[in-house]
Amino acid sequence: MFVRAHCYKLKRNTVEKLRILYSGNSTDKITQAIGNGACLLDVRAKSEYNNGHVRGSVNIPLDDLTDQLEKLDRQTPILVYCRSGMRSAQAKCLLEKSGFMQVTNGGNWEHINRIVQSLK
């Protein structure tokens with residue numbers, strides 16, 4: 001009984017950690033980041049970006065991010081996003097390990113796009 005309960009607890013904690021890691025932030029936090037002049041960083045592939053993107057965003061695919069960090073200002077907040085939030089979570093970790101202090105995972109690009117359009 002203890003083993004089964006313990007495994008369930010681990011699974012539940014793991015699921016919660018994954019949800020936090022890969023989900024985007026709240027609309028309020030995203031709106032605040034945009035209001036603070038955040039760089040809108042789209043880490044999807046170029047082809048995905050070309051099929052639709054947020055106006056005013058910068059596209060640096062996740063696979064190229066390490067080699068293009070110098071294109072980003074370490075003093076400017078960064079709102080990073082992708083298609084689902086998984087690549088943006090990875091990008092957030094990479095950016096923070098590289099010394100970027102104000103990084104927000106926005107999750108899904110379409111959600112970010114709706115927020116940006118509502119702020120016009």
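Every number here is computed from the coordinates shown, using simple stated rules; none is lab data. Keep in mind that what you see is a predicted model, and the values were worked out from it rather than measured. Glycine gets a Cβ as well: all are built from the backbone with ideal geometry, and neighbour counts include every protein chain shown.
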About the Cα centre, and with charges only on the beta carbon of Lys, Arg (+1) and Asp, Glu (-1), how big is the dipole of the range 49-119? Nearest 20 debye, please.
220 debye
For the range 105-120, in order, what is each residue's ³J(HN,Hα) by Karplus, 6.51 cos²θ - 1.76 cosθ + 1.60 with θ = phi - 60°, in whole Hz (x at glycine and Pro)?
7, x, x, 6, 5, 5, 5, 4, 4, 4, 5, 4, 5, 6, 8, 4
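Which order do peptides 42-50, 79-87, 101-109, 65-73 fall in by mean Cβ count within 10 Å, highest first? Walk me through the numbers before you get to the answer.
Values: 42-50: 17.8, 79-87: 23.4, 101-109: 21.0, 65-73: 12.7.
Order by mean packing, descending: 79-87, 101-109, 42-50, 65-73.
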Spelling out what I want: for every residue of the range 94-99, take phi, set θ = phi - 60°, compute 6.51 cos²θ - 1.76 cosθ + 1.60 (Karplus), and round to whole Hz; glycine and proline get x.
4, 5, 5, 5, 8, x
